[in-house]
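Q: Before we start, here is the structure in question, set down as C-alpha cells.
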Amino acid sequence: RLFPTAEVGRDGALITAMMAIAVTFDLSTNNFILRFFPQVRVHLARRVWQAYLIGASASLLGAVLFVALAPLASEHFDFLREDRAVTFGFPLAVVCWSIFVLQGSVLTALEHATWLPATNGSFAVLKVVAIALLALGSLKYGIFIGWVIPLLIVIPVTNWLIFSRVVPAAAERQRDAPGIVASVGRGRLRSFVSQDIISTSATEIATSALPLIVVATAGDIESAYFVVPFALIEAFDMLFFALAVSVVTEGARDPARIPAMMQMAWRRLLTFTVPSALAIAIFAPLLLIPNGSEYMENASTPLRLLAVASIFRAVVILFSATLRLQSRGTALFVVQIANTVLILVGVFLLTPEFGAEGAALGWLIGLAITACACLYPLLRFVRNPVIDGAAGPIDLIAEYEEISKRGVG
C-alpha cells in the first residue's frame with residue numbers, strides 16, 4: 001500500500017526468487033534435516049553446522065547463477081546486472097534466507113517447534129517495521145531490503161538458542177537413537193536423497209517461478225496483482241504444510257504414532273483447509289482491503305483461483321509426506337516432477353494472454369490434476385498406514401487406472 005505498484009511487483013518477484021533459490025538449490029538439506037535428524041545418534045552439533053554449510057553454499061551458487069542468467073531471459077531483470085548493490089547483495093540475502101529456513105527445520109526435527117512462533121513472529125514484526133520505515137525514506141528496493149534486514153538480527157539469536165539449548169538436550173535424548181544409516185539402510189538412503197534433491201528442487205521451481213514468469217511475460221504491474229494474493233495463499237498453505245512436516249518428523253521418531261497422526265492430518269484437511277480455502281475464495285475482495293482498491297479490483301480473481309488450488313495442494317503435500325515417511329524416493333520423484341511440469345506448462349500458456357489471472361489458473365489446473373492422481377493412494381495409506389521398508393514405490397499409473405475402472409463401473 002505504501003509503495004508504487006510496479007515496485008511491489010519487482011521487489012515481490014525478487015523476494016520470491018530469494019526464498020525459492022534458498023530452498024531449490026540447498027541439495028534437499030531442509031528435507032534431510034526433517035526426515036533424518038531425529039535418528040542422529042552422535043556429533044549432532046557438527047551435523048547441524050554441516051547442514052548449514054551445505055545448504056548455504058549451494059544456495060549461494062544458485063543465487064550467482066540467477067543474477068547472471070535472469071537478465072538474459074528477460075529485460076525486466078536488467079536491474080540485477082545494472083545495479084551493483086543488488087548484484088552483490090542478492091546472493092548474500094539468499095545465504096541468509098537459507099540459514100533462516102534451515103534453523104526452522106532444526107528446531108522442528110529436534111522437538112523444539114514450539115519456539116518457531118517466537119522466531120518467525122519476531123522476524124514478521126521486524127519486517128513490517130523495517131518496510132514501513134524504509135517506505136518513509138523512499139529508499140530504492142525498500143521492500144526487499146526490509147525483508148532482509150531482520151534476518152541479520154533473528155539468525156544469530158536463533159543459532160544461540162539452538163547450540164546452547166536445543167542441540168545439547170537433543171543429543172542427550174537421542175543417545176540411543178538407531179542412527180541415520182541403520183534406520184533406512186545405506187543404499188536406500190543414497191537413492192532417496194538423490195531423488196529427493198531433484199524432486200524437491202522441481203517443486204520449489206514450480207512454486208517460485210510463478211511471480212518470475214509473470215514479471216518476465218506480463219510486466220511489473222501484473223506481477224504485483226499476482227504476488228500479493230500469492231503471498232497471502234502461501235501463508236495459508238504453510239499452516240497445512242507445517243502439519244505435514246510434523247507427520248514426517250514425529251513419524252520418523254516414533255512409527256507407532258503414524259496412524260493417529262495421519263488420521264489427524266486428514267481430518268484437518270477436511271475440517272479446516274477445505275472450508276477456509278472456500279471462505280478465502282468467497283471473501284477475496286475483503287481480504288485485499290488493506291492493499292487498496294486497485295488490488296481489490298485486479299487481484300481478487302487470482303486470489304480466488306489460488307485459494308481453490310490450496311485444497312488440491314494440501315492433498316499433494318500430505319501424499320508427499322507419506323512418501324517421505326516410507327523413503328519412497330521414486331514415487332516422490334514422479335509426483336513432484338509431474339506436478340512441476342503441469343504447473344509450468346499451464347502458467348507459460350496462460351500468463352502471456354491473461355496476466356495474473358492466467359498464472360493463477362495455470363497453478364490451479366496443475367495442482368488439480370496432480371491431486372486427483374494422488375488421492376486414491378493417499379486414502380489407502382490413511383486407512384492403513386503401514387511403513388514397509390522393503391516396499392517398492394507406489395505405481396501412480398496403476399492407481400489412476402484403478403480409479404478410472406471404478407468410475408466407469
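The values are calculated or read from the model by the stated rules, or taken from the named source; none is laboratory data. None of the values given here were measured: they were computed from a predicted structure. Here the Cβ positions follow ideal geometry from the backbone for every residue, glycine too, while neighbour counts run over all protein chains shown. Side chains included, ligands, DNA and RNA excluded: accessible areas come from the protein's heavy atoms. Shrake-Rupley method; radii C 1.70, N 1.55, O 1.52, S 1.80 Å.
Q: Can you confirm whether region 366-386 contains a residue that is open to solvent by 10 Å² or more (accessible area, probe 1.4 Å), more than 30 Å from THR217 (Cβ to Cβ) and at pLDDT below 75?
A: Checked against the condition, which is being open to solvent by 10 Å² or more (accessible area, probe 1.4 Å), more than 30 Å from THR217 (Cβ to Cβ) and at pLDDT below 75, region 366-386 yields at least one hit.
Q: Right, another one. If a residue has to be out of contact with any Pro (no Cβ under 7 Å at 6 or more places or on another chain), surrounded by 17 or more Cβ atoms within 10 Å (Cβ to Cβ) and aliphatic (A, V, I, L, M) to count, how many in region 102-130 make the cut?
A: 5
Q: Restricting to region 315-355, count the residues that are in contact (Cβ under 8 Å) with a residue 24 or more places away in the chain, charged (D, E, K, R) and open to solvent by 40 Å² or more (accessible area, probe 1.4 Å).
A: Of the residues in region 315-355, 0 are in contact (Cβ under 8 Å) with a residue 24 or more places away in the chain, charged (D, E, K, R) and open to solvent by 40 Å² or more (accessible area, probe 1.4 Å).
Matching residues to (1) assigned to a helix (DSSP H, G or I); (2) at pLDDT 95 or above; (3) within 23 Å of the chain's Cα centre (by Cα):
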site	(1), (2), (3)
PHE123	yes, no, yes
ALA132	yes, no, no
LEU139	no, no, no
GLY146	yes, no, yes
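Q: Only one of (1) touching a helix residue (DSSP H, G or I) at 6+ places or on another chain (Cβ under 9 Å); (2) part of a helix (DSSP H, G or I); (3) at pLDDT below 85 fails for GLU172. Which number is that?
A: Going through (1) touching a helix residue (DSSP H, G or I) at 6+ places or on another chain (Cβ under 9 Å); (2) part of a helix (DSSP H, G or I); (3) at pLDDT below 85 one by one, GLU172 breaks only (1).
Q: List every residue pair whose Cβ atoms lie under 9 Å apart, where the two residues are 6 or more positions apart in sequence or sit on different chains, the first residue falls within region 291-312 and is in contact (Cβ under 8 Å) with a residue 12 or more places away in the chain, and the second residue, located anywhere, is outside any helix (DSSP H, G or I) and open to solvent by 60 Å² or more (accessible area, probe 1.4 Å).
A: ASN291/ARG1; GLY292/ARG1; TYR295/ARG1
Q: May I pose another question? When both residues are 6+ apart or on different chains and their Cβ atoms are under 7 Å apart, which pairs have a first residue that lies in region 262-289 and is within 21 Å of LEU379 (Cβ to Cβ) and surrounded by 15 or more Cβ atoms within 10 Å (Cβ to Cβ), and a second that is of a type outside the set (A, V, I, L, M) and modelled with pLDDT of 95 or more?
A: Short answer, once both residue conditions are applied: THR273/SER310; ALA277/SER310.
Q: Next question. Out of GLU75, GLU111, I need the residue that is charged (D, E, K, R) and closer than 21 Å to PRO38 by Cβ. Which one?
A: On the way: GLU75 fails: closer than 21 Å to PRO38 by Cβ.
Just a single option satisfies the conditions, and that option is GLU111.
Q: Answer yes or no as to whether GLY89 is open to solvent by 20 Å² or more (accessible area, probe 1.4 Å), within 23 Å of SER223 (Cα to Cα) and of a type in the set (Gly, Ala, Ser). Walk me through it before giving the result.
A: Numbers: open to solvent by 20 Å² or more (accessible area, probe 1.4 Å): yes; within 23 Å of SER223 (Cα to Cα): yes; of a type in the set (Gly, Ala, Ser): yes.
Criteria met by GLY89.
Q: Just name the residue that is nearest to the chain's Cα centre (by Cα) out of those in region 1-43 that are charged (D, E, K, R) and open to solvent by less than 10 Å² (accessible area, probe 1.4 Å).
A: Once the filter is applied, the top-ranked residue is ASP26.
Q: Still on this structure, I have one more. Checking PRO259 against (1) open to solvent by less than 20 Å² (accessible area, probe 1.4 Å); (2) at pLDDT 85 or above, only one condition comes out false. Which one?
A: The failed condition is (1).
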